[in-house]
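Report on one structure; see the data block that follows.
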Amino acid sequence: MIKTHYTIVENTPIAPKTFKLVLSGEGVVEGEFVNIGIPGYYLRRPLSVCDKEEGQFTVIYKVVGEGTKVLSEMPAGASLEVLTGLGRGFDPDACQEEALLVGGGLGVPPLFLLAKELKARGKKVTAVLGFNRADEIILASEFRNLCDEVMVSTVDGSVGVKGFVTDALKVLKPTYDYFYTCGPMVMMKAVCAALKKRGEASLEERMGCGAGFCYGCSIQTKKGPRRVCKDGPVFKKEELIW
Ligand SMILES: Cc1cc2nc3c(=O)[nH]c(=O)nc-3n(C[C@H](O)[C@H](O)[C@H](O)COP(=O)(O)OP(=O)(O)OC[C@H]3O[C@@H](n4cnc5c(N)ncnc54)[C@H](O)[C@@H]3O)c2cc1C
Ligand code: FES
C-alpha cells in the first residue's frame, strides 16, 4: 500500500452524474482499485482503475452520495491523497484463448483495463456491456476499438439488446473459455449462474480502511471469511456464496 498525492488533470461529466477523473502522479499505479481521500471526509472512497499509463491513471465514478459529490466539484489542478497498490485484481492469465467480459453500469470501467491486458496477451475478447438506458452508456466505443466483439444491452431497449446482460448473452451465445464480470451484485449472481464455465467476479463492499486492517469489508466465502479489499475484490466464481 502506498499513500501518494495525485493532481487532477481532468474531472468531466461523461454521462448523467458520471464523471471521468484523470489523475497524474509518479510511476504506474498498482492495484485493482485506489482509495481516494476526499477533503473533509474521514473515510476514503474506493474507485476502480479504468485505465493507466506511466504517470497517469483514470477512474470513472458516479455521484451517489456526499463524497462523490464533493469529488465531482474539484477542479483540474487540485491535489488528492490516494492510497494505491490495493486489492487482488482480475487474473488475465486465467483465460487460455477466449475471454468473455460482462459488465454492468459502473462495473464496466475496470473491465476496460482488463480488456487491454487480455489483448496485450493476444487473447480474443468479447464484451457484453449492460446499462439502464442510452444516455448511461459509457466506454462502448473504447471497447469496440479494443475488443473482437462487443454487445450492448439496455433495460429500456433504447440501444442494443432490450433487457439485462443475461438477455444479451442468450442472443450472442459467445464462445469463451473464461469469463470476468463486474457490476451490481444481483447482475453478477445472475451472470455466474448463467455461465457454466470458469470465471471470476469483482465484488463491491462498504470499506473502512480499504487496506486489510479493519475487517469491515469481510464476506463469507466457501473458503471461509475473506476481506474484499485485501483478499479481493476479485474472487473466483467457485469461492462465492451469493
Ligand atoms: C472495490 C470497489 C471499487 C469501486 N469502483 C467504483 C468505480 O469504479 N466507480 C464508481 O462509481 N463506484 C465504485 N465503487 C463504489 C464507490 O466506492 C461508492 O459509490 C462511493 O464510495 C460512494 O461514496 P459517497 O461518499 O458518494 O457515498 P456515501 O453513501 O455518502 O458514502 C458513505 C460511505 O459509504 C461508502 N460507500 C457508499 N457506497 C459504497 C459502495 N457502493 N461501495 C463501497 N463503499 C461505499 C463510502 O465509501 C463512504 O465511506 C467501488 C467500490 C468498491 C468497494
Ligand atoms: S476495509 Fe478494512 S479490512 Fe477491508
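Please treat every number below as a calculation from the coordinates, not as lab data. Just so it is clear, the structure is predicted and the values come from calculations on it, not from any experiment. Glycine gets a Cβ as well: all are built from the backbone with ideal geometry, and neighbour counts include every protein chain shown.
Just a few scattered comments:
- Degrees, to the nearest 10: 185-194 long Cα axis against longest axis of the chain: 30
- Label-point gap, in nm, between GLU53 and ALA134 - each point 7 angstrom along Cα→Cβ: 3.2
- To the nearest ten degrees, helix 108-120 and the longest principal axis of the Cα atoms of the chain are 70 degrees apart.
- Anisotropy class assigned to segment 72-190 is oblate, per the alpha carbon gyration tensor with a/c at or over the 1.5 cut-off and a/b no larger than b/c.
- With viscosity 1.306 mPa s and temperature 10 °C, the Kirkwood radius over alpha carbon pairs of the chain converts through Stokes-Einstein to a diffusion coefficient of 87 µm²/s.
- Beta bridges per DSSP with both ends in the chain, % antiparallel, nearest 5: 60
- Extension gain from LYS189 to LYS222, taking 0.36 nm per residue of separation minus the Cα-Cα distance: 10.4 nm
- Anchor LYS69: lysines whose Cα lies under 16 Å away (excluding residues fewer than 8 positions away in-chain): LYS17, LYS20
- Taking a straight Cα-Cα cut-off under 13 Å and skipping sequence neighbours fewer than 8 places away in the same chain, the aspartates and glutamates within cross-link reach of LYS189 are GLU200, GLU204, GLU238, GLU239.
- Choice from VAL125, VAL29, VAL171 showing the highest fluctuation, given a GNM over the chain with Cα pairs closer than 10 Å: VAL171
- Residue-span extension gain [GLU30 to ILE241] - 0.36 nm each, minus C-alpha spacing: 73.2 nm
- Length-normalised contact order for segment 92-239 - Cα pairs under 8 Å, 6+ apart - percent: 21
- Antiparallel bridges, percent of DSSP beta bridges restricted to segment 1-103 (to nearest 5): 95
- Within-13-Å neighbourhood charge of ILE2 [Cβ basis; K, R +1; D, E -1]: -2
- SER72 sits among other residues whose Cβ lies under 10 Å from its own Cβ, and their net charge, with Lys and Arg +1 and Asp and Glu -1, is +2.
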